[in-house]
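Engineer: Encoded as structure tokens, here's the structure I'll be asking about.
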Ligand SMILES: Cc1ncc(COP(=O)(O)O)c(C=O)c1O
């Protein structure tokens, strides 16, 4: 850590005391240890993001009604662990030490091989990517004679993407497609164009953590609608559209991340009607739409039910390889034009070579994709069996596609399991990451993108972590705090 000032915002003493809740174990004589553990948990489950400036010791001591010495001792412990950094004159701030983070979805770190990384739900490349890269080299030569700036994307790729939508039941022309640097980029562009500071964005809860970050980065307010045990609470979505008048909605209707649900055709018709009544545009994240394990026909894209209100974001990331960083937006030609204009303030197009590679992959035989689906479905079953055997009191619904099991825990200990699991060599993201205001402590997302043996070993290590958590402390309350009783 070389920074000399806190890189993020600040938390004041009163708010930190609130976040800590009942941090002190009942009857404990180790106040400094308990305080350090409380702060550690807040950092590791993301409620105190890395880089947050901490209040002066004196003020925190007053807010917690403890001695300043105790706070100083807790700070010292956290400094030793690398969770707090202090600089004379600049104060102290939180940090996530190398190798101790499970924020895999949120930052880029190397994972030591002895650590199993279940923090990311991202598979490695399909075998055909290198071959596709070689196959397009002659076409690249032709491109090199031009300027290489394609602000909407290379035509050949837009044609392939449009064909795929048409095949799925939504007739699409290339001018209804904009190529982006990944689906997430497409969502960020839509936010930039359509949502102003302080405006609301309807999201599912749980949802993809980086989508929550993007809404926040747009200075907008995420308005969550909770998923139910059976999928979408469409009545809740309808009521929120009416009552909160969100400027935009963001939904993942195909193998929702993290729950794995897919909205059926009747649900799409009802959702489409509600969006049309409220005239609310919606970003439909289709990054996992191709990861379908079922044989039957897939429901049509939401655009077939809500027309021009739908801005679909798609990606080569989950079907082929995330490292290509190629995604797309499918929207009305008019909206695509506006996105192109808005894009100029952000970037000037996506890399040509990677676009040609994705065009080649989309045009080629689907064998590799079929193989990917079959393999992922087998991994899903391996992980499901391993979790049933190792953690018999965890429950989950077998998802019909996508990349992860969304596990319900018998107690609200998700953050604690995620923190302790690191000591057992597994990185997982706790349930709280999937909600804008934390909570979801009874839930844990387990991706099945690793190899079967690794998944079995991960389940074994998670079971050890769960036992360690159960033995070490009373369970947390639903909001993640340690109850006094
Ligand atoms: C639901 C969802 N949306 C978007 C993304 C990001 O997609 P891309 O890599 O194309 O930006 C991911 C990747 O994990 C995801 O799971």
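The values are calculated or read from the model by the stated rules, or taken from the named source; none is laboratory data. All values derive from a computational prediction rather than experimental measurement. Glycine also receives a Cβ, built like all others from the backbone with ideal geometry; neighbour counts cover every protein chain displayed.
Engineer: One residue is enough: does the range 110-117 have a residue meeting the conditions touching a strand residue (DSSP E or B) at 6+ places or on another chain (Cβ under 8 Å), within 15 Å of the ligand (Cβ to nearest atom) and within 30 Å of residue 399 (Cα to Cα)? Full working, then the answer.
Structural biologist: Keep residues of the range 110-117 that are touching a strand residue (DSSP E or B) at 6+ places or on another chain (Cβ under 8 Å), which gives 111, 115-117.
Restricting the remaining residues to those that are within 15 Å of the ligand (Cβ to nearest atom) gives 117.
Checking which are within 30 Å of residue 399 (Cα to Cα) leaves us with 117.
Yes: one or more hits.
Engineer: I'd like the full set of residues that are closer than 11 Å to residue 353 by Cβ and at pLDDT below 95, limited to the range 149-172.
Structural biologist: Residues of the range 149-172 that are closer than 11 Å to residue 353 by Cβ, as a first pass: 154.
Once the filter is applied, which keeps residues that are closer than 11 Å to residue 353 by Cβ and at pLDDT below 95, the range 149-172 yields nothing.
Conditions tested, residue by residue: (1) modelled with pLDDT of 95 or more; (2) more than 18 Å from residue 281 (Cβ to Cβ); (3) assigned by TED's automatic domain parsing to the domain that holds residue 404.
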site	(1), (2), (3)
201	yes, no, no
211	yes, no, no
216	yes, yes, no
222	yes, no, no
229	no, yes, no
233	yes, yes, no
237	yes, no, no
241	yes, no, no
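Table: residues versus (1) modelled with pLDDT under 95; (2) part of a helix (DSSP H, G or I); (3) within 16 Å of the ligand (Cβ to nearest atom).
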site	(1), (2), (3)
335	no, yes, no
340	no, yes, no
350	no, no, yes
355	no, yes, yes
358	no, yes, yes
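Engineer: For the range 173-185, which positions are under 28 Å from the mean Cα position of the chain (by Cα) and either farther than 16 Å from residue 355 by Cα or not assigned by TED's automatic domain parsing to the domain that holds residue 251 (or both)? Write out each step before concluding.
Structural biologist: In the first step, residues of the range 173-185 are kept if they are under 28 Å from the mean Cα position of the chain (by Cα); the result is 176-185.
Hits for the range 173-185 are 176, 184.
Engineer: Additional query: Across the range 387-402, which residue is farthest from the chain's Cα centre (by Cα) among those that are closer than 26 Å to residue 254 by Cβ and assigned to a loop (DSSP other than H, G, I, E, B)?
Structural biologist: Taking the candidates together, the pick is 394.
Engineer: Here is a follow-up. Kindly evaluate residue 265 against the criterion of being touching a strand residue (DSSP E or B) at 6+ places or on another chain (Cβ under 7 Å) and either crowded, with 24+ Cβ neighbours inside 10 Å or modelled with pLDDT of 95 or more (or both).
Structural biologist: Working: touching a strand residue (DSSP E or B) at 6+ places or on another chain (Cβ under 7 Å): no; either crowded, with 24+ Cβ neighbours inside 10 Å or modelled with pLDDT of 95 or more (or both): yes.
Spelling it out, it is not the case that residue 265 is touching a strand residue (DSSP E or B) at 6+ places or on another chain (Cβ under 7 Å) and either crowded, with 24+ Cβ neighbours inside 10 Å or modelled with pLDDT of 95 or more (or both).
Engineer: Of these, 135, 131, 62, which one is surrounded by fewer than 19 Cβ atoms within 10 Å (Cβ to Cβ), within 19 Å of residue 21 (Cα to Cα) and modelled with pLDDT of 90 or more?
Structural biologist: The unique qualifying residue is 62.
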